[in-house]
Amino acid sequence: MPLNNAIDLTGRRILLTGAAGGIGAATARACATLGVKELVLADTGSLDQISDELRGQGVTVTAHQCDLSQRRDNAELVAAAGDLDAAVACAGICPLEEDWLDDPEWDEVFHRVMDVNLLGPIHLCRELLPVMAARGAGQIVLIGSIGGRMGGTSPIVQPHYIASKGGVHAFIWWLAQRAAPQGVLVNGIAPGPIAMTATTIYPKDRYPLGRIGEPEEIAWPAAFLCSPAASYFSGSILDVNGGLFVG
Ligand SMILES: NC(=O)c1ccc[n+]([C@@H]2O[C@H](COP(=O)([O-])OP(=O)(O)OC[C@H]3O[C@@H](n4cnc5c(N)ncnc54)[C@H](O)[C@@H]3O)[C@@H](O)[C@H]2O)c1
């Protein structure tokens, strides 16, 4: 195999969910740096800022404000996107307020977390897989969490989030086995604590590298998993956590 730079997204069309958030926007920027031709961005929040920034770099951008916990929104998004080379599902929530032992609201929040973090990516893949399989190619990246690996790293993270991310990991393994024979690669990333747009919930001094991660440190591996360099990855979940969890 020739030693060209295979971490190159030149000419590619990639869908990013949660693109208004920290990791999603950083992934969009990483893809742009690697030459992506077109990005299809989706989020419940406004995508104006990141879209303008990327267009300024010559990337073709379409933006969809939608609720990806809903199957219909995922169906409309993928139908509007057309042919895609890859997709990264970054949309997610991590509510911290309700206490799972006592709070009467907790069950409702549990269902919302599951809808956004687990059912949403499943809905997305239900739409993506047939389209990518018809082309015989495609790369799907789901964002899990170190929480799904080892129960979380912060005492205030709630079990609905942990269970949802463990579910994402199991779903990656399930889908990867079914998608690979159709030419579609399904992989994931399990980030450790990353600086969030909304809040920082992690005590930094607990960590082997003495700091939490930056969104870019998840974005580059995500862009890599969308590239030709990742052509033999299927069912892998990359642990990107600064040494907090090894195993
Ligand atoms: N930041 C961390 O420490 C960390 C650690 C492990 C895993 N993760 C995961 O990485 C992903 C990205 O996290 P982040 O740090 O960028 O968080 P973030 O809050 O900055 O971004 C998440 C984005 O998802 C969007 N979103 C939420 N619900 C949605 C819905 N129903 N439909 C469409 N979009 C929706 C939000 O509007 C937001 O822009 C999430 O799945 C998160 O669980 C984050």
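Top mean-square fluctuation among M114, M132, M150, Gaussian network model of the chain, C-alpha springs under 10 Å?
Judging by the Gaussian network model, the answer is M150.
Output needed for segment 59-176: three equivalent-ellipsoid semi-axes, defined as square roots of 5 times the C-alpha gyration tensor eigenvalues, in descending order, whole Å.
They are 29, 16, 12 Å, listed from largest to smallest.
Subtract the Cα-Cα distance of A79 and R135 from 0.36 nm times their separation in residues, and report this length gain in nm to one decimal.
18.7 nm
Taking only DSSP H segments of four or more residues, each worth -39500 (n - 2.57), what value at 222 nm results for the chain once the sum is divided by all its residues, to the nearest 500 deg cm²/dmol?
So the helix-based figure for the chain works out to -11500 deg cm²/dmol.
Looking at the chain as a GNM with Cα springs under 10 Å, which of D73, D43, D52 has the largest mean-square fluctuation?
In the Gaussian network model the winner is D52.
Take the chain, connect every pair of alpha-carbon atoms lying under 10 Å apart with a spring to form a Gaussian network, then pick out the residue of A26, A42, A230 with the largest mean-square fluctuation.
Maximum among the listed residues: A230.
For segment 4-132, what size does the Cα cloud have along each of its three principal axes, sorted from largest down, in whole Å?
55, 30, 28
Quick check: at a probe of 1.4 Å, how many percent of the accessible area of the chain sits on carbon and sulfur atoms?
For the chain, the apolar C and S fraction of the accessible surface comes to 54 percent.
Measure nothing fancy, just the Cα-based angle from helix 216-225's long axis to the longest principal axis of the chain, in degrees from 0 to 90, nearest 10.
Here the helix axis deviates by roughly 50 degrees.
Using the C-alpha gyration tensor of segment 13-240, what are the square roots of 5 times its eigenvalues, in whole angstrom, with the largest one first?
26, 19, 18
If you filter segment 57-129 for chymotrypsin sites (Phe, Trp or Tyr not before Pro), then keep DSSP loop positions with at most 14 other Cβ within 10 Å, what is left?
Details: sites: W100, W106, F110; in loops: W100.
Passing both the DSSP loop test and the Cβ count: W100.
Using modelled amide H (1.01 Å from N, peptide plane; none on Pro or chain starts), what sits under 5 Å from the amide H of G152, excluding residues fewer than 5 places away?
Correct list: G147.
Rounded to the nearest whole Å², what accessible area per residue is found for segment 13-240 with the 1.4 Å probe?
43 Å²
Take the alpha-carbon centre of segment 134-156, take the same for segment 1-69, and report the distance between them in whole Å.
Cα centroid to Cα centroid, the span is 19 Å.
The values are calculated or read from the model by the stated rules, or taken from the named source; none is laboratory data. Note that the structure is a prediction, hence the values are computed from the model and not measured. Neighbour counts are summed over all protein chains in view; Cβ atoms, including those assigned to glycine, are modelled from backbone coordinates with ideal geometry. Quick note on the areas: whole protein, heavy atoms, side chains included, nothing else; ligands and nucleic acids left out. Shrake-Rupley method; radii C 1.70, N 1.55, O 1.52, S 1.80 Å.
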